[in-house]
Amino acid sequence: MIDASKLPRPDTVSQEFGGQWIAWDGDNIHIVASGATAEEAKQNALAVGVSEPTLEFVPPSDAAFGGHLD
């Protein structure tokens, strides 16, 4: 059985990335780059040696939330 408490935890996405694209490493654990566009974040990730980054848009911290929390 796998002890989930010993699995690596992904980096916390800080507010500084609000409104930007971020690039995750191949394991989706570490943020390796960011940029104003997805292409910029990808190019920045490639520049630091991550050949297949996962890209994600981070909404601004003041963005409205639509939905509900349970």
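Per-structure values
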{"read-out": "Tally, over the stretch 13-49, of residues that are free of Cβ contacts under 8 Å to residues at least 12 places away in the same chain and either under 18 Å from ALA63 (Cβ atoms) or open to solvent by less than 40 Å² (accessible area, probe 1.4 Å) (or both)", "value": "2"}
{"read-out": "Among (1) free of Cβ contacts under 8 Å to residues at least 12 places away in the same chain; (2) open to solvent by 80 Å² or more (accessible area, probe 1.4 Å); (3) not hydroxyl-bearing (Ser, Thr, Tyr), the one test that ASP3 misses", "value": "(2)"}
{"read-out": "Test: ASP27 is charged (D, E, K, R), at negative phi and in contact with a His (Cβ under 8 Å, 6 or more places away or on another chain)", "value": "no"}
{"read-out": "Residue in the stretch 36-51 that is in contact with a helix residue (DSSP H, G or I) (Cβ under 7 Å, 6 or more places away or on another chain), on the phi < 0 side of the Ramachandran plot and at pLDDT 95 or above present", "value": "no"}
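The values are calculated or read from the model by the stated rules, or taken from the named source; none is laboratory data. What you are looking at is a predicted structure, and each value in this text was computed from that prediction instead of being measured. As a convention, Cβ positions derive from the backbone with ideal geometry for all residues, glycine included, and neighbour counts pool all protein chains shown. Accessible surface areas use protein heavy atoms only, side chains included; no ligands, DNA or RNA. Shrake-Rupley method; radii C 1.70, N 1.55, O 1.52, S 1.80 Å.
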